[in-house]
Amino acid sequence: YKLIFADIVRREFFHGGELSPSRAIAHYSRRLNIIDRAIRAESARWGDSKRPGQPYTRGNEWLAERNRIVRGYLRRRTNTVFRQFQDRGWYPATDAPDFSPHGGNVTQDFALSITSPDGGTIYYTMDGNDPRENLTGTPLGTAYTGPVTLSSTGVLKARVRSNGGEWSALTEALFAVGTEEAGADNLVVSEVHYRPGSPSAEEITAGYNNRGDFEFIELLNVSPTPIDLSDAVFENGIDFNFRSDSEILALDPGERILIVKNAAAFEFRYGTGLPVAGVFQNGTDLSNGGENITLSNDTTGETIQDFAYSDTSPWTEAADGHGYSLTLACPAAGAHLTDPLNWRASREVGGTPGGEDRISLADWLSTHGLAAGQEESDLDRDGLSALLEYAVGGDPNDSSDGNVFLPAVASLEVDEQTDNYLVLQFPRLKGADDVRVTAEVSADLITWSDAGPVVDYQFSSGNLVEVLMVRAPIPAGSEAQFIRLRVESR
């Protein structure tokens, strides 16, 4: 029992564990940031309750105490408690072995060195097992005689057995072989199901009577290289730390993984075999009204993704309880997740967790009897090129569907003021992610700007299309206004 306890101490007190100084300071600092300004109001209300005439303030007492804890107490406390454990015999006198480096991303066939500060014999395993037999203490691992060749991603575990027969605590670390660290250039949030459809009668009978049970977030590797997720952590939106909470720590190129609210409910609705990494932690869930989602590298502090979604225009309303998920159109490195026009409703009710519902331009052309290079053709002579027909969900062989753009002057309330605005309503094919549709505004048909039009609303029309309406930035008046659409290949 004491050795198992020592293993936990070794894992959490050292190498960036949850109770190491760096992590303790990081956790404490996150809470500090939340109340940093609110403490002024606290001081104004209660600052003089214990010291009339000389209230406690943020600038004096609170900041001084904060600095004392961060700069002194938390930096020393881990080592103080560790020494207390040693003094009471709760931690072995034999020091645990050290890896060089201690986990992380390494090259293929990397030669890993393991050292023992106290001598003795190092035993290690690469299959996830303990190098020491739990009951008899018999060595089960391989005796270390020289650098260990790492040929595949996995967890390496090692202990030292002293010359007197005492076993050290366990040192363990994940080595991601031939992978890159998760970052903004290789990992994106590709799908968010923040307000799923209501549970069915069968789901309610099975005990899943809350639509929130079916929430999920999907991540996608958009790089040509496998990536290591072990340092990734959600800081806003949901709580989830890949190192401690995930069943999946590496992601191959083009692969997707899912973090779900309720694993059993998710499996009941979507079936088995999907790449579920884990579940939302600490009772967190996705906000029905929209919120900020932040995914960071917990070791480097790098922000991997940081964006806010919403359930109001210009974000699609189809994802707000109508059964569709919020899906990133054409996910790629550098995708602007903050732009609502880069998101759309899923083509299918329930979304496509672990998969995609994109309609490629090449497949669409082939389905309609066109070949690559005919994107600018207008075979049905309805005034719409094939590329534009693809964008709006038209048929390049049917001339009757050319009139899909509806310009009008509409009375709209903007910033609590009702005025007449020039608007243009048009359909957008769900999944037509190989093109980007933008609106432009002009006063003279010569100079056009994409900074003017405002997407006023989006709504779903079944599984095929969404309908968008853009409006001019200023109310209609005596001056001329024009709006047009630009469709470009991504």
*Please give the number of the condition Leu274 fails out of (1) modelled with pLDDT of 95 or more; (2) closer than 29 Å to Pro427 by Cα; (3) not in a strand (DSSP E or B).*
(2)
*Between residues in region 337-350 that are at positive phi and residues that are surrounded by fewer than 19 Cβ atoms within 10 Å (Cβ to Cβ), which pairs lie under 8 Å by C-beta distance while being six or more apart or on different chains?*
Gly350/Gly197
*If Pro340 passes every condition in (1) modelled with pLDDT of 90 or more; (2) over 24 Å from Pro275 (Cα atoms) but one, which one does it miss?*
(1)
*Assess whether Tyr91 counts as being touching a helix residue (DSSP H, G or I) at 6+ places or on another chain (Cβ under 9 Å), part of a loop (DSSP other than H, G, I, E, B) and free of Cβ contacts under 8 Å to residues at least 40 places away in the same chain.*
no
*Subset of region 181-210 [among the small types (Gly, Ala, Ser) and assigned to a loop (DSSP other than H, G, I, E, B)]*: Ala182, Gly183, Ala184, Gly197, Ser198, Ser200, Ala206, Gly207
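What's the total number of residues in region 96-136 that are among the small types (Gly, Ala, Ser), under 13 Å from Leu170 (Cα atoms) and surrounded by 12 or more Cβ atoms within 10 Å (Cβ to Cβ)? Spell out the reasoning first.
Applying the first criterion (among the small types (Gly, Ala, Ser)) to region 96-136 yields 96, 100, 103-104, 111, 113, 116, 119-120, 128.
Still in the running and under 13 Å from Leu170 (Cα atoms): 96, 116, 128.
Next, only the ones that are surrounded by 12 or more Cβ atoms within 10 Å (Cβ to Cβ) stay: 96, 116.
Residues that pass the stated criteria total 2.
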_Criterion violated by Asn67 - all others in (1) surrounded by fewer than 11 Cβ atoms within 10 Å (Cβ to Cβ); (2) part of a loop (DSSP other than H, G, I, E, B) satisfied_ = (2)
*Starting from region 55-68, keep only residues that are closer than 13 Å to Leu32 by Cβ, then list their pairs with residues that are part of a helix (DSSP H, G or I) whose Cβ atoms are within a distance under 8 Å, requiring at least 6 positions of separation or different chains.*
Arg58/Ile39; Arg58/Arg40; Arg58/Ser43; Trp62/Ile39; Trp62/Ser43; Arg66/Leu32
*Yes or no: Asn420 in contact with a His (Cβ under 7 Å, 6 or more places away or on another chain) and over 30 Å from Gly323 (Cβ atoms)?*
no
*Read through the list (1) modelled with pLDDT of 95 or more; (2) under 21 Å from Gln281 (Cβ atoms); (3) crowded, with 20+ Cβ neighbours inside 10 Å, then give the number of the only condition that Ala263 fails.*
(3)
*Look through region 302-312, keep the residues that are surrounded by fewer than 19 Cβ atoms within 10 Å (Cβ to Cβ) and closer than 10 Å to Ala232 by Cα, and return whichever of them is modelled with the lowest pLDDT.*
Glu302
*Quick one: in region 168-189, of everything that is acidic (Asp, Glu) and within 22 Å of the chain's Cα centre (by Cα), which residue is nearest to Asn221 (Cα to Cα)?*
Asp185
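Please tell me if Thr153 is surrounded by 18 or more Cβ atoms within 10 Å (Cβ to Cβ) and closer than 28 Å to Asn221 by Cβ.
The answer is yes for Thr153.
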*From Gly301, Gly289, which residue is touching a residue at least 12 places away in the same chain (Cβ under 8 Å) and in a loop (DSSP other than H, G, I, E, B)?*
Gly289
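Find the residue count for region 82-114, including only residues that are polar (S, T, N, Q), within 38 Å of the chain's Cα centre (by Cα) and more than 25 Å from Thr179 (Cβ to Cβ).
The number of residues fulfilling the criteria is 0.
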*Being of a type in the set (A, V, I, L, M, F, W, C) and more than 27 Å from Glu348 (Cβ to Cβ), is that true of even one residue in region 423-434?*
yes
*What pairs come up if the first residue lies in region 1-22 and is without any contact (Cβ under 8 Å) to a residue 60 or more places away in the chain and closer than 14 Å to Tyr91 by Cα, the second is loosely packed, with under 15 Cβ neighbours inside 10 Å and among the acidic types (Asp, Glu), and their beta carbons are under 8 Å apart, counting only those six or more places apart or on different chains?*
Glu12/Glu18
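Residue-by-condition table, conditions (1) of a type in the set (A, V, I, L, M); (2) surrounded by fewer than 20 Cβ atoms within 10 Å (Cβ to Cβ); (3) farther than 17 Å from Phe214 by Cβ:
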| site | (1), (2), (3) |
| --- | --- |
| Val276 | yes, no, no |
| Thr284 | no, yes, no |
| Thr300 | no, yes, yes |
| Tyr324 | no, no, no |
| Leu328 | yes, no, yes |
| Arg344 | no, no, yes |
| Val349 | yes, yes, no |
*So which of Asn60, Asn33 ends up being modelled with pLDDT under 95 and within 32 Å of the chain's Cα centre (by Cα)?*
Asn33
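Would it be correct to say that Arg40 is within 36 Å of the chain's Cα centre (by Cα), among the basic types (Lys, Arg) and outside the structural domain of Val160 (by the TED database)?
It is true that Arg40 is within 36 Å of the chain's Cα centre (by Cα), among the basic types (Lys, Arg) and outside the structural domain of Val160 (by the TED database).
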*Given (1) modelled with pLDDT of 95 or more; (2) within 30 Å of Phe307 (Cα to Cα); (3) out of contact with any helix residue (DSSP H, G or I) (no Cβ under 8 Å at 6 or more places or on another chain), number of the condition Ala176 does not satisfy*: (1)
_strands (runs of 3 or more DSSP E) contained in region 96-172 and holding at least 2 residues β-branched (Val, Ile, Thr)_ = 110-115, 121-125, 148-150, 154-161
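The values are calculated or read from the model by the stated rules, or taken from the named source; none is laboratory data. Nothing here was measured: the structure is a model prediction, and the numbers come from that model. Cβ coordinates were reconstructed from backbone atoms using ideal geometry, including for glycine residues, and neighbour counts include every protein chain displayed.
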